[in-house]
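Asks: Got a structure for you, written out below as structure tokens; questions coming shortly.
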């Protein structure tokens, strides 16, 4: 492995606390099929969403270092919680490495599609407590009104695969009804956790018709394609992915296949220690 | 701190991946009010229930070492997942230290109360996959029939405080109905995760009347009181507790207060690095 090399053929590094970031990787591969990627899921210490900013930052710096040691040329923080807590520390530690999180692209897309500038954001406890989406939205649109709510159970529902039906809708209703009650409701809802797009149909069933749902994974992939894409001539026909996790190759492959939308085998996953 | 000392006045160490073990500590204090305890919640790496036996064992050895460095005279593994995965490694690493987990007492109590010897067990993914309860029950009662199911969402429901009502009962019904259908159903249900007693009323609402629910925390406290209790003359009137966590004192205190059944303040929690 060519440590530290970020030449034009070097891969893009993508990390997350676990499997949620595979939705980001899936969008990246759809937009940039010729790229090579290295994905790292920190499954030994997931989830990040209930942990303190200090701990999430420490774990994120370790994930980034491992990917840099593997020779990545740029870094995608494919986890809303890590993007909310650790992006400044990551950029300070690695000033020459292009680093993108999922929050800024998600916030920009929300502002772009919201006519009323009244935007709802849902995420993990840590992402919502840190107010990162509110700040990112209001940096672009200072007049925007943002309401936010942590929806911790959505993560467990997505991991369990209970993504639609009675229970998923009842949970979605309990979390979301307070954001969408009253005469003036948001016209846009940011799914500020990479697990949440799995619950799209349950969320759609309980929010008012016409509310636009923003998937930060897709917005991030679009931003990356615009900013980081190599000239077509330099790309191989079909890029590769190297899969790293810090624990449980079998579970990573099993749950991850749902998030990735394609079969991932246990023997494709390398276990690494951070 | 008198490292390594396990004299008659030394405290009992109790550890868990987070706050769930506080239900065990609560039962221990009720049974042994004069004892001093040190509780360690590994909140930086919780939950253990979705992780591999190797990783849970590594984390458990680190928790135990920290408590031993604090001078505990014995150790309670107040986490079903760690009891299922790490007890042999803990006893091998510390052969002179009395160490008890929650599975053996829970299994013994289930065998004691079950008339039909047909016992159901619920727990985390890791506890159920490791079959530790089945093995512990069948060591005592080789003729026992054990059925088991992982109930991962119960952990998230308990942490969120959604412990009764429509959603908790719907989740309980979905997990438990397959264990309690047909003409011959278990007469005993072991709550094999320290989070699950929080959902007692929802679980009771969906299992057949007459099924005995076994709380491993209470069973462990009874076993400890019998085996480890000091002579009354040697005990102070009211024992103390020292609170350690590896992340997030505010969240540990807030969520932990529900599990402990008494108010725990953020400034009582010491953050330690393992």
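The values are calculated or read from the model by the stated rules, or taken from the named source; none is laboratory data. Quantities reported herein were computed from a predicted structural model and do not represent experimental measurements. Ideal geometry is used to build each Cβ from the backbone, glycine not excepted, and the neighbour counts take in all protein chains shown.
Asks: Please state which of the following conditions residue B:19 fails to meet, knowing it meets all the rest: (1) buried (at least 21 other Cβ atoms within 10 Å of the Cβ); (2) outside any loop (DSSP other than H, G, I, E, B); (3) in the same structural domain as residue B:254 (by TED's automatic domain parsing); (4) touching a strand residue (DSSP E or B) at 6+ places or on another chain (Cβ under 8 Å).
Replies: (2)
Asks: Another question, then. Against the conditions (1) modelled with pLDDT of 95 or more; (2) more than 19 Å from the chain's Cα centre (by Cα), where does residue B:231 fall short? Just the number, please.
Replies: Failing condition for residue B:231: (1).
Asks: Something else now. In this structure, is residue A:166 at pLDDT 95 or above, under 30 Å from residue A:252 (Cβ atoms), in the same structural domain as residue A:112 (by TED's automatic domain parsing) and surrounded by fewer than 23 Cβ atoms within 10 Å (Cβ to Cβ)?
Replies: On the way: at pLDDT 95 or above: yes; under 30 Å from residue A:252 (Cβ atoms): yes; in the same structural domain as residue A:112 (by TED's automatic domain parsing): yes; surrounded by fewer than 23 Cβ atoms within 10 Å (Cβ to Cβ): yes.
For residue A:166, the condition - at pLDDT 95 or above, under 30 Å from residue A:252 (Cβ atoms), in the same structural domain as residue A:112 (by TED's automatic domain parsing) and surrounded by fewer than 23 Cβ atoms within 10 Å (Cβ to Cβ) - is met.
Asks: Name the single residue, out of those in segment B:113-131 being modelled with pLDDT under 95 and in a helix (DSSP H, G or I), that is nearest to the other protein chains (Cβ to nearest Cβ).
Replies: Only one residue fits best here, namely B:125.
Asks: Here is a follow-up. Among B:156, B:136, B:172, which is the only one that is away from every other protein chain (no Cβ under 12 Å), crowded, with 21+ Cβ neighbours inside 10 Å and within 15 Å of residue B:123 (Cβ to Cβ)? It would help to see each step written out before you state the result.
Replies: Numbers: B:156 fails: away from every other protein chain (no Cβ under 12 Å); B:172 fails: away from every other protein chain (no Cβ under 12 Å).
Exactly one of B:156, B:136, B:172 is away from every other protein chain (no Cβ under 12 Å), crowded, with 21+ Cβ neighbours inside 10 Å and within 15 Å of residue B:123 (Cβ to Cβ), namely B:136.
Asks: Looking at segment B:36-62, which of its residues are touching a helix residue (DSSP H, G or I) at 6+ places or on another chain (Cβ under 7 Å), more than 14 Å from chain A (Cβ to nearest Cβ) and outside any helix (DSSP H, G or I)?
Replies: If the condition is that a residue be touching a helix residue (DSSP H, G or I) at 6+ places or on another chain (Cβ under 7 Å), more than 14 Å from chain A (Cβ to nearest Cβ) and outside any helix (DSSP H, G or I), then B:37, B:38, B:39, B:40 are the ones that fit.
Asks: Determine if segment A:144-157 includes at least one residue that is in contact with a strand residue (DSSP E or B) (Cβ under 8 Å, 6 or more places away or on another chain) and assigned to a loop (DSSP other than H, G, I, E, B).
Replies: Yes; the residues of segment A:144-157 include at least one that is in contact with a strand residue (DSSP E or B) (Cβ under 8 Å, 6 or more places away or on another chain) and assigned to a loop (DSSP other than H, G, I, E, B).
Asks: What is the number of the single condition among (1) in contact (Cβ under 8 Å) with a residue 60 or more places away in the chain; (2) in the same structural domain as residue A:261 (by TED's automatic domain parsing) that residue A:130 does not meet?
Replies: Of (1) in contact (Cβ under 8 Å) with a residue 60 or more places away in the chain; (2) in the same structural domain as residue A:261 (by TED's automatic domain parsing), only one is false for residue A:130: (2).
Asks: Any residue at all in segment B:116-123 that's buried (at least 24 other Cβ atoms within 10 Å of the Cβ) and not assigned by TED's automatic domain parsing to the domain that holds residue B:155?
Replies: No, because not a single residue in segment B:116-123 is buried (at least 24 other Cβ atoms within 10 Å of the Cβ) and not assigned by TED's automatic domain parsing to the domain that holds residue B:155.
Asks: Being surrounded by fewer than 22 Cβ atoms within 10 Å (Cβ to Cβ) and part of a loop (DSSP other than H, G, I, E, B) is the filter; apply it to segment B:63-77 and report the residue that is farthest from the other protein chains (Cβ to nearest Cβ).
Replies: Only one residue tops the list, namely B:73.
Asks: Looking at this structure, is residue A:145 farther than 27 Å from residue A:254 by Cα, surrounded by fewer than 23 Cβ atoms within 10 Å (Cβ to Cβ) and within 13 Å of chain B (Cβ to nearest Cβ)?
Replies: Numbers: farther than 27 Å from residue A:254 by Cα: yes; surrounded by fewer than 23 Cβ atoms within 10 Å (Cβ to Cβ): yes; within 13 Å of chain B (Cβ to nearest Cβ): no.
No: the conditions fail for residue A:145.
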